[in-house]
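All remarks here apply to the structure that follows.
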Amino acid sequence: MPSIAKPIAQHPSLKKNNLGLTVRDYEGTMSTLCAGCGHDSITAAIVRTFWELSTPPHMIAKMSGIGCSSKTPTYFVSGAHGFNSAHGRMPAIVTGANAANRELIYIGVSGDGDSLSIGLGHLSHAIRRNVRMVYVIENNGVYGLTKGQFSASADIGSKSKRGEANRMSPIDPVMLALSLGATFVARSFSGDKEQLVPILKAAFSHRGLALIDVVSPCVTFNDHVGSTKSYLYSRQHQYKATESDFVPPASEIVAHIGSANGHISEATSVTMHDGSVVKFRALPDGYDPTDRQKVFSYLQERQGKGEVPTGLLYLDESVSDVHELNNTPDSALTSIPFEKLCPGNAELQKMLEDFR
Amino acid sequence: MKPTNVHDPDYFHKVVDCQWACPTHTNVPEYIRMIAQGRYTDAYMLNRASNVFPAILGRTCDRPCEPACRRGRLEEGKPVAICRLKRVAADNKDDISELLPAIPKVKNGKRIACIGAGPSSLTVANDLMPLGYEVVMFEKNSKPGGLMRTNIPSFRLPEGVLDEEVGNILNMGVDIRYSSPVGSLKALVNDFDAVFVGSGAPRGKNLDLPGRFETDRIHLGIDWLESIAFEHVDTIGEKVLIIGVGNTAMDCCRSSLRMGGKDIKVMARRPRAYFKASPWELEDAEEEGVEILINHAPKRFVVENGKLKGMEFERLEWDAEAKKSTVIDTIFLPADDVILAIGQDNAFPWIERDLGIEFDKWDMPVVNKVTYESSRPGIFFGGDAAWGPKNIIWAVEHGHQAAISIHNHCQGIATSERLPVGMKLIPQKMGISEWSYHNDFNPSSRQKMTHVDLVNRFKQLNVEVEIGYSAEQTAREVQRCLNCDIETVFTAKRCIECDACIDICPVLCLTIARDGDEVDLRGRLSAPAANVEQSLYASEPLPQTKRLMLKDEDVCVHCGLCAERCPTAAWDMLKIDLSIPQVGTICLQPSNPEPVHA
């Protein structure tokens, strides 16, 4: 824990976004994580993303479970709503919150322990339901809060701090999500904000659950030689499978098309539900980020070579989200008068009568 | 971009903007911390080591440190009140007589003449007396201090303060000879091993306009102030015009108010942005009701029957850069007295031109900028006498440098010989997230000096207007200092590029970026580094990606969070302790820029 809160002193050239807020206005309280934790870097990327998107802080709901990762919502956007739930239950809580108020912007921050062990079932069903949220897995391969035991994402052969190798096969959240029918699947690295921020921006425009697996080294228990989740290993094995730009709706598109990256082919652009566009540049030959099968086999092939492919890997804007599937009203249930939402016992009896 | 050479003491010295800007390189952050700890005497002595006159300068310094202060570049835009805090140290110190250097009873046999008893001569004596030199000081007036006594009114600098600090030097055993103007340098040179000319710039500039010599009510500013200091004058007419708008003009107008003047106007040729006076001196004068008129060029003195009636001025209109003017009209302003404060000149009628001292085309002695020696070996110049009017703090620095040269000259060493600046970097880490300095940023605004009210301050000439900081004001002001001497020092080979320092920095100083030239890099940092006066600290290529760690020094608040969030101590906070050589600096600290870890 730092000795002081972050000084209020600001750089004189600090810019303001469309809401008149500076990036400092999207910060939270001081992190109590270890110095150098990848999670803090992801927090900084989230702060930057919200600021660049000019998201009103009061429209954000920060959701989490238990673990180092799940502490981090405290460290960004102090002015947002939040719910720190039981271990692994974050996806269930978001599903409920989202059902009641679809107008909030949900970001769930979880870890490999929280999501791939105790909460795996909840994660799977949130993906199945396509709950509209950004689901960040801060993936470091260990249980940091309990002193560094292997988690379910630890690779076979990856060594613990004391030199012991992991022998159980890992759950790969990206492959898992693809197999469960996820509609937005990405992987990034905490040490690469240039990649992570555009992915986060695209994720907030996605009409369903956007899963981002972020390799986030545990500087205390998993940053040594022999670990496959260290800073050095991640840098050496990170393979940028795709590179993408996020172009928000409205006038900014013009500026982007006119930019030096004029060679972007329209064929690899995906238009999001809200009118924004994800432009893929530098895609490998034959890679189609909208073809689940091809992405699946591509990732299998690359990972078989020991690489960690990163980028916005799969994107499908055609699938309905939980509200469309359930035919709920357009506005938040919370804004519907109680009498209408709950018509009373008489109506219930009438309904039951129909089933007799 | 080449990795920054942090082995060069100048690099980290420059980060301490105040210390770098001070001609004598006073260790400002260190003495401010001492004041914060209540160590006033230590703070005073640390000041004295470099600037010799902390109590005097704490009231009168030109403060080159303050416009340089990093705090002034942050949002609020106001520097730390460094000068006021210097006075706090002086006001609260204990008896320092035991702390002054011992003066050897057995002299080294070398005799030095100092001409004039102003700040530069006194500094020479201060530096040479402890080494066993005999110093003889010739002063034309009956009291010492030079312009500090004659030109700075006692409502700004009380006589007692001046006497004490000047006395500290004279009491080292200086052979001071009052009322002894030097009429001939030739008569002096053979009796001494070296001569230091610190006679100031004693001749006020004249304004030779019609009517100038038809009355005795037109005064030269510095001469008039001197007459007040020696109590030769105690009145002035009710209507006074001051010509010129430098600091002497400010002293003249404020003195006029205390001598019976009622309607005081300061007449400036150019717009306010081009005034020479320090902003705070202008403020103080205007607070007292002095009127400052811009764009008025003196045309003639109006004298009728030998009696001054006033002056005619041309009203001017300037172009945007205030280079060219056109005359709008001519106006008359009545005056009982006119005081000319339009500058000073050096004058050396008492230096024979056949002594081997070369004079330039402006009839000024040619003085070496490093050694302060004239073209005749053994004769040195300093203070205003060297290159015209500057200020006290520069005079002190001249004195220090001249003393080194004089010592070299007397010991048969080349006068140009100078010891290098030494540097120590001292770790400040006391534990995890624990530093030996107060690293939190304090958002207090600059504390305002309280003044004696506008009735009581005029009751006597010598009522000091500035009351000084209260204990509460001091406590707030010391915490505004950013501790720029606690340097952020980077060791590239330890960095794992986790971005923690970049994410935590409140003022976006840090960036990890691909290599490029400096101009290119300045444009692609976390925040643009537009202030090219401030260095960009570039690391060696980082181990994992060969990118560079870059720090824009411009607005770093030295909070130490980069070092606290660094998991590998690649960033560390180290205090720079500079050794600025003076005469008598015998054992230099070794230059040790590699961080030392316990």
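Selection of region A:194-238 for residues being touching a residue at least 12 places away in the same chain (Cβ under 8 Å) and among the polar types (S, T, N, Q) yields A:Q195, A:S205, A:S216, A:T220, A:N222, A:S227, A:T228, A:S230, A:S234, A:Q238.
Checked against (1) touching a residue at least 40 places away in the same chain (Cβ under 8 Å); (2) away from chain A (no Cβ under 14 Å); (3) over 22 Å from B:V421 (Cβ atoms), B:I82 meets all criteria but (3). Within region B:167-193, the only residue that satisfies the criterion of being free of Cβ contacts under 8 Å to residues at least 60 places away in the same chain, surrounded by 18 or more Cβ atoms within 10 Å (Cβ to Cβ) and in a helix (DSSP H, G or I) is B:L170.
Across region B:228-246, a minimum of one residue is classified as of a type in the set (D, E, K, R) and either free of Cβ contacts under 8 Å to residues at least 24 places away in the same chain or touching a His at 6+ places or on another chain (Cβ under 8 Å) (or both).
Put simply, of A:S216, A:S190, A:S151, A:S169 the only residue that is hydroxyl-bearing (S, T, Y) and out of contact with any helix residue (DSSP H, G or I) (no Cβ under 7 Å at 6 or more places or on another chain) is A:S169.
Taking into account only those residues within region A:1-38 that are basic (K, R) and in a loop (DSSP other than H, G, I, E, B), which is farthest from the other protein chains (Cβ to nearest Cβ)?
A:K16
Is one or more of the residues making up region A:19-38 under 16 Å from the mean Cα position of the chain (by Cα) and under 30 Å from A:S230 (Cβ atoms)? Checked against the condition, which is being under 16 Å from the mean Cα position of the chain (by Cα) and under 30 Å from A:S230 (Cβ atoms), region A:19-38 yields at least one hit. Within region A:44-70, if we keep just the residues that are without any contact (Cβ under 8 Å) to a residue 40 or more places away in the chain and out of contact with any Asp or Glu (no Cβ under 8 Å at 6 or more places or on another chain), the residue that is surrounded by the most Cβ atoms within 10 Å (Cβ to Cβ) turns out to be A:F50. Determine, yes or no, whether A:S64 is more than 14 Å from every other protein chain (Cβ to nearest Cβ) and closer than 22 Å to A:V322 by Cβ. Against the criterion (more than 14 Å from every other protein chain (Cβ to nearest Cβ) and closer than 22 Å to A:V322 by Cβ), A:S64 qualifies.
Condition check ((1) at pLDDT below 95; (2) of a type in the set (S, T, N, Q); (3) in contact with a Lys or Arg (Cβ under 9 Å, 6 or more places away or on another chain)) across all residues:
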residue: A:G36; (1), (2), (3): no, no, yes
residue: A:A45; (1), (2), (3): no, no, yes
residue: A:M63; (1), (2), (3): no, no, no
residue: A:S69; (1), (2), (3): no, yes, no
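Among the residues of this structure, A:E138 does not count as one that is assigned to a loop (DSSP other than H, G, I, E, B) and out of contact with any Phe, Trp or Tyr (no Cβ under 9 Å at 6 or more places or on another chain).
Look at (1) closer than 27 Å to B:S278 by Cβ; (2) in contact with a Ser or Thr (Cβ under 7 Å, 6 or more places away or on another chain) and you find that B:C114 fails only one, number (1). Exactly one residue out of B:D552, B:D499, B:D485, B:D517 is within 11 Å of chain A (Cβ to nearest Cβ), in contact (Cβ under 8 Å) with a residue 24 or more places away in the chain and not polar (S, T, N, Q): that is B:D552. Can you find a residue in region A:165-186 that is within 14 Å of chain B (Cβ to nearest Cβ) and either crowded, with 19+ Cβ neighbours inside 10 Å or part of a loop (DSSP other than H, G, I, E, B) (or both)? Looking through region A:165-186, none of the residues is within 14 Å of chain B (Cβ to nearest Cβ) and either crowded, with 19+ Cβ neighbours inside 10 Å or part of a loop (DSSP other than H, G, I, E, B) (or both).
Residue count for region A:183-208 under the criterion of being farther than 17 Å from A:A241 by Cα, hydrophobic (A, V, I, L, M, F, W, C) and touching a Lys or Arg at 6+ places or on another chain (Cβ under 9 Å): the result is 0. If you scan region A:2-38, which residues turn out to be small (G, A, S) and buried (at least 16 other Cβ atoms within 10 Å of the Cβ)? Passing the criteria: A:S3, A:A9, A:G28, A:S31, A:A35, A:G36, A:G38. Applying the selection to region B:372-409, what residues are surrounded by fewer than 21 Cβ atoms within 10 Å (Cβ to Cβ) and either more than 20 Å from the chain's Cα centre (by Cα) or among the acidic types (D, E) (or both)? Across region B:372-409, the qualifying residues are B:S375, B:R376, B:P377, B:G378, B:N408.
Evaluated against (1) facing chain B (nearest Cβ under 7 Å); (2) surrounded by fewer than 18 Cβ atoms within 10 Å (Cβ to Cβ); (3) over 30 Å from B:S444 (Cβ atoms), A:S41 falls short on exactly one condition, (2). If you go through region B:414-427 one residue at a time, do you hit one that is surrounded by 19 or more Cβ atoms within 10 Å (Cβ to Cβ), within 14 Å of chain A (Cβ to nearest Cβ) and assigned to a loop (DSSP other than H, G, I, E, B)? No; the residues of region B:414-427 include none that is surrounded by 19 or more Cβ atoms within 10 Å (Cβ to Cβ), within 14 Å of chain A (Cβ to nearest Cβ) and assigned to a loop (DSSP other than H, G, I, E, B).
Here is the figure for region A:22-51: residues that are in contact with a Phe, Trp or Tyr (Cβ under 7 Å, 6 or more places away or on another chain) and basic (K, R) total 0. Looking only at region B:439-449, decide whether some residue is more than 14 Å from chain A (Cβ to nearest Cβ) and either surrounded by fewer than 14 Cβ atoms within 10 Å (Cβ to Cβ) or out of contact with any Lys or Arg (no Cβ under 8 Å at 6 or more places or on another chain) (or both). Checked region B:439-449: at least one residue is more than 14 Å from chain A (Cβ to nearest Cβ) and either surrounded by fewer than 14 Cβ atoms within 10 Å (Cβ to Cβ) or out of contact with any Lys or Arg (no Cβ under 8 Å at 6 or more places or on another chain) (or both). Quick check: is even one residue across region B:38-55 over 17 Å from B:R476 (Cβ atoms), in contact with an Asp or Glu (Cβ under 6 Å, 6 or more places away or on another chain) and crowded, with 23+ Cβ neighbours inside 10 Å? Looking through region B:38-55, at least one residue is over 17 Å from B:R476 (Cβ atoms), in contact with an Asp or Glu (Cβ under 6 Å, 6 or more places away or on another chain) and crowded, with 23+ Cβ neighbours inside 10 Å.
Quick test for you: out of B:I218, B:I236, B:I176, pick the one residue that is farther than 15 Å from B:I115 by Cβ and in contact with a Leu (Cβ under 8 Å, 6 or more places away or on another chain).
B:I218
Of the residues making up region B:49-76, those that are in contact with a Pro (Cβ under 6 Å, 6 or more places away or on another chain) and without any contact (Cβ under 8 Å) to a residue 24 or more places away in the chain number 1. Considering only residues that are more than 29 Å from the chain's Cα centre (by Cα), more than 21 Å from B:N151 (Cβ to Cβ) and of a type in the set (F, W, Y), which ones fall in region B:330-369? Result: B:F332, single match. Of all residues in region B:74-115, which are closer than 30 Å to B:L185 by Cα and among the polar types (S, T, N, Q)? Listed by number, the list holds a single entry, B:N108.
Evaluation of B:L508 against the conditions (1) more than 10 Å from every other protein chain (Cβ to nearest Cβ); (2) surrounded by fewer than 23 Cβ atoms within 10 Å (Cβ to Cβ); (3) aliphatic (A, V, I, L, M) shows that the sole unmet condition is (1). Looking across region A:209-248 at every residue that is among the small types (G, A, S) and away from chain B (no Cβ under 12 Å), the one that is farthest from the chain's Cα centre (by Cα) is identified as A:G226.
The values are calculated or read from the model by the stated rules, or taken from the named source; none is laboratory data. As the structure is a computational prediction, the values presented were derived from the model and not from experiment. Neighbour counts run over all protein chains shown; Cβ positions are idealised from the backbone, glycine included.
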